[in-house]
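Below is one structure, written out as C-alpha cells; comments come after it.
Readers should treat all values here as calculations from the given coordinates under stated rules, not as data from a laboratory. Keep in mind that this is a model prediction, so the values were computed, not measured. A quick note on method: Cβ atoms are made from the backbone with ideal geometry, for glycine too, and the neighbour counts reach across all protein chains shown.
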Amino acid sequence: MTRRYFVPDLPILGGLVSLPEAEAQHASRVMRVQVGDELVLFDGRGNEAIAQFVQVGRKECHCQADAAQAIDRETQREIHLAIALPKPDRSRDLIERLTEMGVRSLTPLMAHRTQRPPTDSLLAKLRRGVIEACKQSGRNQLMDLRAPMRADAFFSACGPGTKWIAHPAMDHLTRDIASSGIFHVAIGPEGGWTDDEVKLAISHSFKAVDLGTRIYRIETAATTLAAILATRS
C-alpha cells in the first residue's frame, strides 16, 4: 500500500515538495523510506498527487510530485456533529473514527453537565488525530474540528438542514432519511442533557431521536449515528 502524507501547501501543478517536519520524521525514522519510493500527498482540501522521494534525511524529506487531482471521497450526506466530548483518551479515538466515516465537522459542546471543557492542548492533539485518520482512510478532506461552543449557543446558531438531538425515550430513528442534504446532530455529555437543554434544542427545530431502548456511551452513540448517515441509502 502506498503511504499517504499530509502537505497543506501541495502545489496543484506538481513539482518539488518538502514534507512538513513531523511528516518527514515519520517517513524517515518510522517508515524508513528510501529515495525512489512512491508516496501519495494530500492537502486536506480534496486534492492528492502521486510523488516519489528524491531526498531523505532525518528531519527533511523532499519529493517530486505529479500534478494534483481533485478526488472526492466524501459521503453523499453532509454530516455535522456537535458533541460533549468524553475523556481525552476516548476523545482521540472518537475523532479518528468520525473522520474515517466522513463527518464534515465536529463542534465540541459545553453542556450543563459537561465535566471539563476541552483544553487547547487536547484540541491540538485531536487535530493531529484528524490528519492521521485521513492518511489511513484515504480521505482527502480534513474533518473541520471547530472551536468549542456552549450548547445553547450552538442550538441557536445552527444553520439550515435536518437537525437531531440524541436523547433517550424519544422518537426512534426511522429508515425514512433523506439520501442527501445537510445533517446536524447534537450528542450530550455522559450525564445526559437537562430537560431545559432538550426543550431549547426543540425550539430551534431540532428533533429528539434515540437509538433504541439502551443508553449508549458518547462515542458509541456518535459513531452509530455517523455510520447510519454515512451508509444508509
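So, counting K/R as plus one and D/E as minus one, what does the shell of residues with Cβ under 11 Å around Cys61 add up to? Mind dumping the intermediate values first?
Numbers: positive: Arg29, Arg58, Lys59; negative: Glu21, Glu23, Asp37, Glu60.
Neighbour charge sum, excluding Cys61 itself: -1.
Within the chain, count lysine pairs with alpha carbon atoms under 19 angstrom apart where the residues are 8 or more positions apart or belong to different chains. Display every interim value, and only then the final one.
On the way: Lys87/Lys125; Lys125/Lys135; Lys163/Lys199; Lys163/Lys207; Lys199/Lys207.
Counting lysine pairs in the chain gives 5.
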Q. Considering amide H positions built from the backbone, and no H for Pro or chain starts, which residues 5 or more places from Trp164, or on another chain, come under 5 Å of its amide H?
A. His184, Val185, Ala186, Lys207
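If you average the sequence gap of Cα pairs under 8 Å that are 6 or more apart and divide by the length of the range 3-70, what percent do you get for the contact order? Before the final figure, lay out the partial values.
Values: 157 pairs, mean separation 27.5, N = 68.
Across the range 3-70, relative contact order equals 40 percent.
Quote the relative contact order of the chain in percent (integer), defining contacts as alpha-carbon pairs under 8 Å separated by 6+ residues.
On the way: 465 pairs, mean separation 47.9, N = 233.
Reported relative contact order: 21 percent.
How long are the semi-axes of the equivalent ellipsoid of the range 3-70, defined as square roots of 5 times the Cα gyration tensor eigenvalues? Whole Å, largest first. Please list the in-between numbers first.
On the way: eigenvalues 68, 27, 18 Å².
In descending order the semi-axes read 18, 12, 9 Å.
Quick one: grab the alpha carbon gyration tensor of the chain, order the square roots of its eigenvalues as a ≥ b ≥ c, and give me rounded if a/c is under 1.5, else prolate or oblate depending on whether a/b is larger than b/c.
Judged from the Cα gyration tensor, the chain comes out prolate (a/c at least 1.5, a/b above b/c).
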Q: Go through the range 114-121 residue by residue and turn each phi into a ³J(HN,Hα) via Karplus (6.51, -1.76, 1.60, θ = phi - 60°); whole Hz please, and just put x for glycine and proline.
A: 5, 6, 7, x, x, 7, 4, 5
Q.
With +1 assigned to the C-beta of every Lys and Arg and -1 to the C-beta of every Asp and Glu, and no other charges, what is the dipole magnitude of the chain about the Cα centre in debye, to the nearest 20?
A. 440 debye
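How high is the relative contact order of the range 100-226? Use alpha-carbon pairs under 8 Å, at least six apart in sequence, and give a whole percent.
Details: 157 pairs, mean separation 38.9, N = 127.
It rounds to 31 percent for the range 100-226.
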Q | Sequence-distant residues sharing a close amide H with Leu145 (under 5 Å, placed H) | A | Leu106
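Hey, fewest Cβ within 10 Å first, where do Arg139, Arg214, Arg128 land in order? The partial results should precede the final answer.
Working: Arg139 24, Arg214 8, Arg128 15.
In order of increasing Cβ crowding within 10 Å: Arg214, Arg128, Arg139.
Give me the dipole magnitude in Debye, nearest 20, for the range 1-138 about the Cα centre, with unit charges on the beta carbon: positive for Lys and Arg, negative for Asp and Glu.
Numbers: 20 positive and 18 negative charges, 149 e Å.
Dipole of the range 1-138, to the nearest 20 debye: 720 debye.
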(Q) With 10 angstrom as the radius, rank Cys61, Cys158, Cys134 by how many other C-beta atoms surround their C-beta, starting from the fewest. (A) Cys158, Cys134, Cys61
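Which length gain, in nm to one decimal place, applies between Ile71 and Ser179 when the Cα-Cα distance is subtracted from 0.36 nm times their residue separation?
Here the answer is 36.8 nm.
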Q) Just Thr99, Thr75, Thr213 to compare: in a GNM of the chain, with alpha carbon springs under 10 Å, which one fluctuates most? A) Thr213
